[in-house]
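We did not get these values from a lab; they are worked out from the coordinates using the rules stated. Please read these numbers as outputs of a predicted model, since none were measured by experiment. Cβ placement follows ideal geometry from the backbone for every residue including glycine, while neighbour counts extend to all protein chains displayed.
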Amino acid sequence: MTNTQQRCAWSDTNELFIPYHDEEWGVVTHDDRLLFEMLNLEGAQAGLSWLTVLKKRETYRQAFDNFDAKQIALYDESKRAELMGNAGIIRNRLKINAAIENAKAYLAAQKEFGSFDAYIWQFVNNTPLQHSQQKEALAISETMSKTLKKRGFKFVGATICYAFMQATGMINDHEPYCFRAKQV
């Protein structure tokens, strides 16, 4: 991929965005662990920028046992204190507690639906929406948010759910001029 290719405008604002945009953002994801990771990272972004989270992503993976929900669901007060002392992640008690509660809710959804993938992709009828369907995607993100909250998930407001949908390919939100728009 050369630098002459047109990308979504946001991806050219920081060098870290380019590989994320070119290789990951908007790519259909059916891997349960990655879906769980992205849901939590999008929640960690609340009130901050994606760049802040992206810079800390590798440390998040280390701190949260590579987003192994079974491990995270068992975190005790000692582990919570360790996470609060980790300068490599966003040290917000509510967000740390949310990841632990999300692990429990995620495991329950996996058990009920066979996989988190089967559960979460039903919101888009297992078919990615396109950029032209943003209004529909916004409505779906509202429904997803309400449903996830009822299941015990935290930091899953409609804006977070929409960003999660974009990141995991539930909506292909690449700008029409972007070289990735037709590829994903």
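Scan LEU16, LEU39, LEU48 and give me the residue that is under 23 Å from LYS182 (Cα atoms) and aliphatic (A, V, I, L, M).
Numbers: LEU39 fails: under 23 Å from LYS182 (Cα atoms); LEU48 fails: under 23 Å from LYS182 (Cα atoms).
When all the criteria are applied, what remains is LEU16.
Determine whether TYR119 is crowded, with 16+ Cβ neighbours inside 10 Å, without any contact (Cβ under 8 Å) to a residue 24 or more places away in the chain and of a type in the set (Phe, Trp, Tyr). Outline the logic, then answer.
Values: crowded, with 16+ Cβ neighbours inside 10 Å: yes; without any contact (Cβ under 8 Å) to a residue 24 or more places away in the chain: yes; of a type in the set (Phe, Trp, Tyr): yes.
Taking the combined requirement at face value, the residue satisfies it.
The one condition from (1) touching a His at 6+ places or on another chain (Cβ under 9 Å); (2) of a type in the set (Lys, Arg); (3) closer than 14 Å to ALA167 by Cβ that ARG57 does not meet is (1). For beta carbons closer than 7 Å, sequence separation of 6+ or different chains, a first residue in the range 134-152 that is touching a residue at least 12 places away in the same chain (Cβ under 8 Å) and a second that is acidic (Asp, Glu), the qualifying pairs are GLY152/GLU101. For the range 26-78, a tally of residues being of a type in the set (A, V, I, L, M) and outside any helix (DSSP H, G or I) returns 6.
Does the range 155-172 include one or more residues that are farther than 20 Å from ILE100 by Cα, touching a His at 6+ places or on another chain (Cβ under 8 Å) and surrounded by 21 or more Cβ atoms within 10 Å (Cβ to Cβ)? Within the range 155-172, one or more residues are farther than 20 Å from ILE100 by Cα, touching a His at 6+ places or on another chain (Cβ under 8 Å) and surrounded by 21 or more Cβ atoms within 10 Å (Cβ to Cβ).
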